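Q: Okay, here's the structure, questions in a sec.
The values are calculated or read from the model by the stated rules, or taken from the named source; none is laboratory data. Just so we're clear, the structure is a prediction, and the values are computed from it rather than from any experiment. Cβ placement follows ideal geometry from the backbone for every residue including glycine, while neighbour counts extend to all protein chains displayed. Heavy atoms of the whole protein, side chains included, go into the accessibility calculation; ligands, DNA and RNA do not. Shrake-Rupley method; radii C 1.70, N 1.55, O 1.52, S 1.80 Å.
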Amino acid sequence: QPNNGHRSSCLAQTTCGRGQRFSGTPTLVGFCQTCPAKTYQTSSSHRNVDCIPWRTCNAGQRFTAGSTTTAGSCTNCAGGQFQDNTAHQLTSCKTCSSSGEVCTTGQYLSGCGGSSNGACLSCPT
């Protein structure tokens, strides 16, 4: 029987790899695009049309950028540093000595670190 201009078999559908998203419709072959900035995709042989946003960090942490295949990571601020922002992608922590907290004579800065810039406390007498 003649094929009347129709295909006699199906075309293989395009699938995308890690770091890519599918662009097209379910009925078209489509094509793959690199994930946009600050997004990633870990699946391979997929037809996902969206990439996943990079993670965000909590207070007391700094962000290390991801890639098109990784979500990025968060690490705790080092001693003498803090980060009071939440749900952020800031790549550095603030230094306690430059936090803007200025103690007066007879006071000292205590408790700076993690998510706190500390507070001025009276020196013991």
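Q: Given points 7 Å out from each Cα along the Cα-Cβ axis, report the Ala12 to Thr34 separation in nanometres with one decimal.
A: It is 2.4 nm.
Q: Scattering from the C-alpha atoms of the chain alone, worked out with Debye: what is log10 I(q)/I(0) at q = 0.19, 0.20 1/Å?
A: Results for the chain at q = 0.19, 0.20 Å⁻¹ read -0.96, -1.00.
Q: If you stretched the chain out fully between Ser73 and Ile52, how much longer would it get, using 0.36 nm times the residue separation minus the C-alpha to C-alpha distance?
A: Full extension from Ser73 to Ile52 adds 6.1 nm.
Q: Now, a different point. Tell me the accessible surface of His46 in square angstrom (1.4 angstrom probe, heavy atoms of protein chains only), to the nearest ten.
A: My reading of the accessible area for His46 is about 10 Å².
Q: Would you mind computing, in nm to one decimal, how far apart the modelled labels at Cys123 and Asp84 are, each placed 7 Å from Cα along Cα→Cβ?
A: That separation, rounded to one decimal, is 2.5 nm.
Q: If pairing requires two Cys Cβ atoms under 4.7 Å apart, which cysteines of the chain are left without a partner?
A: Unpaired cysteines in the chain: Cys10, Cys123.
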